[in-house]
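All remarks here apply to the structure that follows.
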Amino acid sequence: MKESDKLVGDLFAVHEDGDTFSVGWNFNPAFGGAGYAFEAATALFAHLFAARAARWFYASVEDHNTSSQRLCEKLGMHREGLLKEFVSFKKDDGGIPIYGNTIQ
């Protein structure tokens, strides 16, 4: 954000195959509820539709990340499934990966 020199967030899109893109985002919780994520993701989707002939987007969202789940729903995405113990972003005190559930 220009006024505070704070990063509001970032988005990404990875071209998977044909007209399919994996999309995702990371937003600073301090700016939550202001509509920035929806505005940015809507612009990203519009760009991918227009410039890259996208037809299908999917996002992988941790089952406890309700903010991203709500954003996906607001963007018109729907749940396809739950991948149990799919990915690990952290380890326990012994260095063993802790796997979480992911919604697609």
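The values are calculated or read from the model by the stated rules, or taken from the named source; none is laboratory data. Given the structure is predicted, the values throughout are model-derived calculations rather than measurements. Neighbour counts run over all protein chains shown; Cβ positions are idealised from the backbone, glycine included.
So, in the stretch 23-42, of the ones that are small (G, A, S), in contact with a Leu (Cβ under 9 Å, 6 or more places away or on another chain) and in a helix (DSSP H, G or I), which residue ends up surrounded by the fewest Cβ atoms within 10 Å (Cβ to Cβ)?
Looking at the filtered set, the residue picked out is A40.
Tell me yes or no: at least one residue of the stretch 82-103 is at pLDDT below 95, within 15 Å of S22 (Cα to Cα), under 15 Å from the mean Cα position of the chain (by Cα) and surrounded by 15 or more Cβ atoms within 10 Å (Cβ to Cβ).
For the stretch 82-103, residues at pLDDT below 95, within 15 Å of S22 (Cα to Cα), under 15 Å from the mean Cα position of the chain (by Cα) and surrounded by 15 or more Cβ atoms within 10 Å (Cβ to Cβ): present.
Answer with yes or no whether T20 is touching a residue at least 24 places away in the same chain (Cβ under 8 Å), among the hydroxyl-bearing types (S, T, Y), more than 28 Å from Y99 (Cβ to Cβ) and surrounded by 12 or more Cβ atoms within 10 Å (Cβ to Cβ).
no
Could you tell me whether the stretch 71-79 includes any residue that is touching a strand residue (DSSP E or B) at 6+ places or on another chain (Cβ under 7 Å) and either surrounded by fewer than 17 Cβ atoms within 10 Å (Cβ to Cβ) or among the basic types (K, R) (or both)?
yes
Has the stretch 78-99 got any residue that is in a helix (DSSP H, G or I) and either at positive phi or of a type outside the set (F, W, Y) (or both)?
No: the stretch 78-99 contains no residue that is in a helix (DSSP H, G or I) and either at positive phi or of a type outside the set (F, W, Y) (or both).
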